[in-house]
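The values are calculated or read from the model by the stated rules, or taken from the named source; none is laboratory data. On a predicted model such as this, the values are computed, not experimentally measured, just so you know. Every residue, glycine among them, receives a Cβ derived from its backbone with ideal geometry; neighbour counts consider all protein chains shown.
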Amino acid sequence: MTITPSASSTYPAWIYDGTPIEDTFGDGERAVQFLRWLKHPKSKLPGKGFQLDPWLERTVRRIYGPRHPNGSRIVKTVVLLLPRGNRKTSMAAALALLHTIGPERVPHGEAIFAAADRKQASIAFKEALGIVQARAQISGAVKVYDAHNSAKKIVYAKERVTLEVISGDAGTQHGRTPNFVLADELHVWPNFYLWEALQSGLDKSDNTLMVVATTAGRGQENVAWEQIEDARKVARGEVLDPSILPILFEADRDADWRDEAVWYQTNPGLAHGYPSLDGFRRAAAKAERSMRERQSFKQLKLNIWLDQSTDPFVDMEVYDRGAGEVEPLDNEPCWIGVDMSTTTDLTAVVAAFRDEHGTISVKPHFFLPGELLRDRADRDGVPYPEWAEQGYLTATPGNVIDYSAVTEYLAELCARYDVRELNFDPHFAQPVMAPLLEEGLPVLTIRQGWVTQSPALNELERVIVGGKFRHGGDPLLRWCFSNVAIHTDSAGNRTMHKGKSTGRIDGAVATWMAVSRAAANDNHASIYDDHEARPGGFLMF
């Protein structure tokens, strides 16, 4: 099935339109012939031949054909976004072997197949090893190192070319000088360290190649999102960089996930029998009944990049509409929410301002111990050091939070703005609350149970969905919101939590405290003032 994409789409129409692909010196043809010569142990073709379907052949020709006059490859980075089940691992293994024993090999060269963890690396290695062992001419020419708990390698002994499979938990890889790197399932790499080590290694030599082969992921504060977003800009023509080849099979976020035409557009293998169309239909039927299954279907089968949480509080596309510049707020009344952390974790302060039209603008700021920035960046998979340099985060001296820095920041806010309330989650907050109370500042506490949180979340959701929320595009606050999952009890009461996410939600917690108080204060009254009983004997709080 052929889909005609819109002019603004990132869809790789050139794979199907039959246009000529430059093959300057015949390298594209040699690469294709090598792959056709390979065998695959699970192939259903005669003689177990490697299945090089037309979409894949066009891809290979586009990578290896176009050359500079000196013979070096024009394409240096391939970004292949491909849904699960389209034989991405087989393709990756074949390309790795092309650089190990095929015409793209370099004597004494180093090819690397990099994965997030040992399990994924083992799958990749077995795939490459199966192809090697399927043809006697190859297995007789290489040495295989596959001992338990040691480096897994395939070595072409004649020219001492090595293909090694490494994982993200294998420690530092600095010092390597690879000619070829295949970054497998980049969306699950836990941090930037392995990527940076391999990229810097490729930069040491000419005519190297990085191939990113991944399914869509979740969240935006990760290495995969950065690479995919950059490739999208190239695909749309916003960035002119012929060294990057984007091959992005992804459905739009608002595409009809039930439409089989969308399935075919985003899964190039479907036209050739993989993945199973019946399996697709069964998965779609489950997705009709389950939000969790639907999220999985969109991410893994249609390559729709999702938000971090599996049970999100708000659609992050809707949230992002509030990313415009926040107007000067010096003369506006202000309500502040503070979510204090343990002494070694993230503390969030969010100041909320409500204008006469009901629009709420927030000014967030965060604190982390300076000596733990890299450690926490590694744990959470986000660029805390970069955010600190950009001013979104204060790195306090030492390896614990400097409470005085938080206290001073809050006092500065009170001096600058017309602060009506400083609302704290009382956990861990006493060292900051006490000096502020001594200064006579309006310090209050909000406990985190559903009695206060559920109506506050309703108010926060109302202003976000209604386009009345301005956050200025703060990346750390956005990350916190993308991590939020919602628990709803049998009575419909809602509370925030992290779900299975390892990310922080502190900024979102401070935001619901601040925004709910700003939204409630048409008359600038406090929920902590004494209230008369409502008719019927029910107290307001």
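Looking at 239, 234, 212 in this structure, which one is under 30 Å from residue 292 (Cβ atoms) and among the β-branched types (Val, Ile, Thr)?
None of the others qualify; the one that does is 212.
Considering only residues that are within 14 Å of residue 303 (Cβ to Cβ) and either of a type in the set (A, V, I, L, M, F, W, C) or not in a loop (DSSP other than H, G, I, E, B) (or both), which ones fall in region 264-280?
Listed by number, the residues that qualify are 264, 265, 266, 270, 280.
So which residues in region 333-368 are among the aromatic types (Phe, Trp, Tyr) and under 19 Å from residue 415 (Cβ atoms), if there are any at all?
335, 353, 367
On the basis of being part of a loop (DSSP other than H, G, I, E, B), surrounded by 17 or more Cβ atoms within 10 Å (Cβ to Cβ) and modelled with pLDDT under 85, does residue 501 make the cut?
yes
Would you check if there is a residue in region 433-447 being among the basic types (Lys, Arg) and either at pLDDT 95 or above or assigned to a loop (DSSP other than H, G, I, E, B) (or both)?
yes
Looking at residue 394, is it of a type in the set (Val, Ile, Thr), assigned by TED's automatic domain parsing to the domain that holds residue 441 and touching a residue at least 40 places away in the same chain (Cβ under 8 Å)?
no
Just checking, how many residues over region 230-256 are closer than 21 Å to residue 297 by Cα and surrounded by fewer than 19 Cβ atoms within 10 Å (Cβ to Cβ)? Reasoning before the result, please.
Narrowing region 230-256 to residues closer than 21 Å to residue 297 by Cα: 247-256.
Checking the rest, the ones that are also surrounded by fewer than 19 Cβ atoms within 10 Å (Cβ to Cβ) come to 252-256.
Residues that pass the stated criteria total 5.
Of all the residues that make up region 88-135, how many are closer than 22 Å to residue 271 by Cα and in contact with a Gly (Cβ under 6 Å, 6 or more places away or on another chain)?
The total comes to 0.
In the list 279, 237, 217, which residue meets the criterion of being outside the structural domain of residue 78 (by TED's automatic domain parsing) and not aliphatic (A, V, I, L, M)?
Numbers: 237 fails: outside the structural domain of residue 78 (by TED's automatic domain parsing); 217 fails: outside the structural domain of residue 78 (by TED's automatic domain parsing).
That would be 279, the only listed residue that is outside the structural domain of residue 78 (by TED's automatic domain parsing) and not aliphatic (A, V, I, L, M).
Which residues, taken from region 145-158, are exposed (fewer than 15 other Cβ atoms within 10 Å of the Cβ) and either assigned to a helix (DSSP H, G or I) or not aromatic (Phe, Trp, Tyr) (or both)? It would help to see each step written out before you state the result.
First pass over region 145-158, keeping only residues exposed (fewer than 15 other Cβ atoms within 10 Å of the Cβ): 145-151, 157-158.
Correct list: 146, 147, 148, 149, 150, 151, 157, 158.
In the set 90, 150, which member is of a type in the set (Ser, Thr, Tyr) and touching a helix residue (DSSP H, G or I) at 6+ places or on another chain (Cβ under 7 Å)? Walk me through how you get there before you give the answer.
Values: 150 fails: touching a helix residue (DSSP H, G or I) at 6+ places or on another chain (Cβ under 7 Å).
It is 90.
Name the residue, out of 380, 339, 355, that is within 24 Å of residue 224 (Cβ to Cβ), in contact (Cβ under 8 Å) with a residue 12 or more places away in the chain and touching a Ser or Thr at 6+ places or on another chain (Cβ under 8 Å).
Step by step, each of 380, 339, 355 is checked, and only 380 is within 24 Å of residue 224 (Cβ to Cβ), in contact (Cβ under 8 Å) with a residue 12 or more places away in the chain and touching a Ser or Thr at 6+ places or on another chain (Cβ under 8 Å).
Inside region 9-113, counting only helices (runs of 4 or more DSSP H) that do not spill past its ends, which hold 2 or more residues that are closer than 21 Å to residue 165 by Cα and either in contact with a strand residue (DSSP E or B) (Cβ under 8 Å, 6 or more places away or on another chain) or assigned by TED's automatic domain parsing to the domain that holds residue 203 (or both)? Outline the logic, then answer.
Numbers: elements: 27-37, 54-64, 88-98.
Qualifying helices (runs of 4 or more DSSP H): 88-98.
Kindly provide the set of residues from region 120-159 that are on the phi < 0 side of the Ramachandran plot and free of Cβ contacts under 8 Å to residues at least 12 places away in the same chain, ordered by number. Before you say what the answer is, go through the steps one by one.
If we filter region 120-159 for residues that are on the phi < 0 side of the Ramachandran plot, which is where we start, we get 120-148, 150-159.
Listed by number, the residues that qualify are 126, 136, 137, 139, 140, 145, 147, 148, 150.
Any idea which of 323, 348 is assigned to a strand (DSSP E or B) and in contact with a His (Cβ under 9 Å, 6 or more places away or on another chain)?
One residue alone meets the criteria, 348.
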